[in-house]
Amino acid sequence: MSGDRNLRIATLKQSLAERILVIDGGMGTMIQTYGLGEQDFRGARFAGHNHDLRGNGDLLSLTQPQIIGEIHSQYLEAGADILLTNTFSGTVVAQADYGLTDIVTELNFESARLARKIADEFTARTPEKMRWVAGALGPTNRTASISPNVNDPGFRNIHFDELRQAYGQATAALMDGGADFILIETVFDTLNCKAAIFAVEETFDAKGVRLPIMISGTITDLSGRTLTGQTPEAFWYSVRHAEPFAVGLNCALGAEQMRPHIAELARVADTAVSAYPNAGLPNGFGGYDETPETTAAHVGEWARSGLINLAGGCCGTTPAHIRAIAQAVAGVPPRKIPERRRTLRLSGLEPFVFPIASDAQTEAAI
């Protein structure tokens with residue numbers, strides 16, 4: 001497998017230089033179309049489990065793998081190049097809500113193995129179009145930077161080392177299951193992300209194998225900041241040390257609202273930029289009304305404006321959205337990755353960039 005994965009990684013980097021790659025769409029959206037009930041989520045194996053399991057979409061990789069496989073296949077049929085593993089909540093932190101911390105390693109391994117199987121089947125059909133698997137690490141349902149208790153600002157319900165251990169466990173299983181790269185996604189708290197980066201690097205060292213890393217933050221509202229207050233530029237400076245092959249944004253906003261924040265990242269990031277927005281903003285019932293044509297029109301404009309290298313969809317998007325996005329970016333050159341001069345770049349909630357003297361100023365000073 002290592003030889004095959006090395007080839008896939010080399011081809012990923014080559015393909016990124018040649019075209020805009022397409023990421024798959026919403027998993028939860030598609031799961032909802034199956035109308036599954038509590039017993040469907042439980043399956044025979046968890047029939048007697050003492051927690052409600054409906055809504056634990058990750059568990060379906062074990063109890064209903066044919067459904068997850070069908071969803072993966074539909075996205076590849078629609079034109080996706082990259083499948084995300086069904087592991088958005090695949091950590092002991094998130095699975096604790098369902099009393100399933102003991103199956104986290106298996107959950108990640110089987111989810112990656114299933115996505116790998118489907119991706120390889122499609123690559124075998126059309127060898128000229130390789131498909132890749134992103135081992136997805138979600139944000140967890142806790143934040144290391146903010147107190148959940150307004151009366152106790154110093155309180156934390158999760159700490160760095162707990163997150164580090166949880167992410168390390170998931171990463172190891174995703175790698176063993178066949179992921180081509182690790183995706184740290186939907187980052188709303190940069191400290192959570194830093195714990196994930198640390199864990200991923202530790203896991204790489206322990207296994208003696210290094211995979212590419214991709215990082216995707218989320219702007220939680222129209223303020224243009226993450227939940228913990230960072231601008232996109234400051235977020236990039238906070239995670240740049242991980243040397244991700246791509247950085248971007250996903251979730252929370254629709255494409256129209258996300259555009260200025262993607263443009264900000266495209267301006268400052270000296271790596272590939274990814275974007276997979278929601279199908280618009282949620283309606284009053286928690287659903288998404290934006291049509292594939294509308295979403296694709298926005299993403300196509302980003303591509304023609306030279307803002308992105310990877311594009312896909314998040315909440316509310318379907319294979320129809322991904323098909324429309326794939327068609328909208330087909331033949332459009334990927335964003336040119338800029339070379340940025342070395343200087344001091346710091347990040348709090350806002351970025352600070354130490355001024356770079358022009359060549360003329362430097363010569364005058366000398």
Run the numbers for ILE356 and GLU243: contour at 0.36 nm per residue of separation, minus the present Cα-Cα distance, in nm.
38.5 nm
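Over all directions, average the projected area of the Cα convex hull of the range 64-194 and note it in nm².
Details: hull surface 34.9 nm².
Over all viewing directions, the range 64-194 projects a mean Cα-hull area of 8.7 nm².
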Among (i) 77, 53, 48; (ii) 60, 55, 50; (iii) 109, 70, 42, only one was calculated for this model; which label is it, if the read-out is Cα extents along the principal axes in Å?
(i)
Under a cut-off of 25 Å between alpha-carbon atoms, report the lysines in cross-link reach of LYS336, not counting same-chain residues fewer than 8 places apart.
LYS13, LYS129
Sorted on mean Cβ neighbours within 10 Å (highest first), peptides 154-167, 192-205, 273-286 come out as 192-205, 273-286, 154-167
On a full-extension model of 0.36 nm per residue, what is the gain between GLN165 and THR101, subtracting their alpha-carbon distance, rounded to one decimal in nm?
21.8 nm
Taking 7 Å along the Cα-to-C-beta vector as the label spot, tell me the ASN149-ASN50 distance in nanometres, rounded to one decimal.
2.6
Cα atoms only, the range 7-72: Rg and Dmax in Å?
16.7, 51
What is the distance in Å between the Cα centroid of the range 188-246 and that of the range 30-50?
33
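What length, rounded to one decimal in nm, is gained on full extension from LEU222 through to GLN14, with 0.36 nm per residue of separation minus their alpha-carbon distance? Walk me through the intermediate numbers first.
Working: separation 208, 0.36 × 208 = 74.88 nm, distance 3.54 nm.
The LEU222-GLN14 span can extend by a further 71.3 nm.
Roughly what percent of Cα-Cα pairs across the range 174-275 reach past 17 Å?
Numbers: 2476 of 5151 pairs.
For the range 174-275, the fraction of Cα-Cα distances above 17 Å is 48 percent.
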Label 7 Å along Cα→Cβ of THR126; the range 323-356 residues with amide nitrogen under 19 Å?
323-334
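Mind checking the dipole of the range 2-365: about its Cα centre, +1 per Lys or Arg Cβ, -1 per Asp or Glu Cβ, Debye to the nearest 20?
Working: 31 positive and 41 negative charges, 139 e Å.
The calculation lands at about 660 debye.
Order these peptides, 337-344, 295-302, 263-270, 20-27, by their mean beta-carbon neighbour count within 10 angstrom, highest first. Kindly include the intermediate steps, with their values, before the conclusion.
On the way: 337-344: 9.6, 295-302: 22.4, 263-270: 18.6, 20-27: 26.9.
Highest-to-lowest ranking by the protection proxy: 20-27, 295-302, 263-270, 337-344.
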Roughly what % antiparallel, to the nearest 5, for the DSSP beta bridges in the range 2-365?
15
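Each value in this text was obtained by applying a stated rule to the coordinates, not by laboratory testing. Fair warning: this is a prediction, and the values are worked out from it, not measured in the lab. For neighbour counting, all protein chains shown are included, and Cβ atoms are generated from backbone atoms with ideal geometry for every residue, glycine included.
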